[in-house]
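Bear in mind that the values in this text are calculations on the coordinates, not laboratory data. Fair warning: this is a prediction, and the values are worked out from it, not measured in the lab. Every residue, glycine as well, gets a Cβ built from its backbone with ideal geometry; the counts of neighbours run over all protein chains shown.
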Amino acid sequence: MRRAGAIVALAAVATGCAFHSSTVVLLPEPDGRATAVSVSDSRGEVVLDRPFAAVRGSPFGAQPYVASPEEVQSTFGATLAALPRGEAAYIVHFDEGKDRLSDDSRAVLDQAFAEIASRPVPDVLVVGHTDRVGSDAVNDALARQRADSVRTELVRRGLPPESVQASSRGSRDPIVPTAAGVAEPRNRRVEIIVR
Amino acid sequence: MTRVSALRASGVRCVLAAVLSMAATLACAAEIGQVKSAKGEVLIEREGRTLPAGVGTRLQSADVLRTGADGSAGVTMSDNSLLSVGPNSALTLDAFRFDATTHQGRFDATLSKGSLAVVSGRIAKQAPDAMKVRTPAAVLGVRGTRFAVKVDG
């Protein structure tokens with residue numbers, strides 16, 4: 001989503017409260033992905049959709065501007081330094097027709113364990129996926145079974161049970177999009193998400 | 001397998017799926033996120049009580065995360081939203097719902113003072129504007145993903 005102007009001011013934004021002002025800055029994505037946030041009050045809306053687009057709202061009105069990296073650092077340095085590490089994700093597959101991880105996937109599981117060990121309070125999510133053969137209800141339950149079996153393996157290897165949750169996305173989130181009813185082994189998978 | 005037993009089996013699967021999704025919802029209702037980093041004074045106000053918070057503290061809906069003059073804290077929510085507050089801040093986690101199966105949910109938070117950085121997660125990705133951050137001056141609709149906000153005065 002790209003707009004011609006750096007900032008689209010739909011209306012003059014003034015703050016609703018006489019004694020408060022606030023500053024909002026849109027920050028760049030490390031991978032350059034598009035990003036946006038709308039800032040509104042009863043009088044209008046400003047959409048920030050470019051890195052460092054900013055708006056300062058005060059009782060005297062809204063001031064859209066472009067923040068500098070130096071201002072972001074001096075205003076938000078301590079805050080940004082406290083942001084948690086993002087999640088790391090690993091994907092494992094099963095041998096076809098068996099309730100057993102493939103040999104490749106055992107190596108992936110080792111990598112996931114190294115990541116888990118590097119975090120002070122790891123939370124692990126195990127998310128099961130299916131292909132698009134079968135109904136949503138059946139696939140939701142099947143994906144859940146696959147997730148539960150990976151969860152069991154993680155706990156067997158020593159992860160505390162309370163640190164790992166299993167869930168199911170059924171066929172909603174394919175790696176390879178297909179029509180309904182198509183068998184696709186790459187979509188039959190379990191994601192291990194480490195936070 | 002006869003038709004009757006096939007029907008029964010699919011009925012069992014449906015009930016199982018329903019029970020499992022209920023269990024997932026209940027787990028999310030109780031616990032919505034976790035403190036992953038903490039420095040200086042970090043407190044949580046919960047049901048009228050003030051509790052010390054640190055790395056590992058689990059968060060619930062309606063918790064207020066407060067930091068002192070030397071404080072900062074980072075939180076990972078269960079939809080993978082990342083939040084952090086700087087010194088002298090107060091952030092209320094007004095409402096948080098997240099369905100891990102459909103990725104639908106709702107996240108409302110209020111920054112009443114101090115500063116907040118956000119990297120939005122799956123709720124905002126699934127439905128832009130399903131995540132809102134309020135300040136005393138404005139409402140932020142989060143379309144994704146990374147921003148910072150500061151309340152003055």
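Note on B:Ser112 and A:Arg119: with the Förster distance fixed at 25 Å, the Cβ-Cβ geometry gives a FRET efficiency of about 0.25.
Give, in nm to one decimal, the length gained when the segment between A:Arg85 and A:Glu29 is fully stretched (0.36 nm per residue of separation minus the Cα-Cα distance).
18.7 nm
Spin-label model, A:Ser163 to B:Arg58: label points 7 Å out along the Cα-to-beta-carbon direction sit 1.5 nm apart. Assuming charge only on the beta carbon of Lys and Arg (+1) and of Asp and Glu (-1), the dipole of chain A about its Cα centre is about 160 debye to the nearest 20. So for the pair B:Glu31, A:Gln145, with labels modelled 7 Å out along Cα→Cβ, what separation do we get in nm? Between B:Glu31 and A:Gln145, the label points sit 2.7 nm apart. Cβ-to-Cβ counts within 10 Å put A:Asp103, B:Asp152, B:Asp79 in ascending order as A:Asp103, B:Asp152, B:Asp79, the fewest first. Helices in chain A that qualify as membrane-span-like (whole DSSP H runs, Cα extent of at least 18 Å along the helix axis, mean Kyte-Doolittle hydropathy of -1.0 or higher) are A:103-117, A:136-156. How would region B:20-153 be classified by its alpha-carbon gyration tensor: rounded, prolate or oblate, with rounded meaning a/c under 1.5 and the a/b versus b/c comparison settling the rest? Cα axes put region B:20-153 in the oblate bin. With the helix formula -39500 (n - 2.57) applied to DSSP H stretches of n ≥ 4, chain A reaches a computed 222 nm mean residue ellipticity of -8500 deg cm²/dmol.
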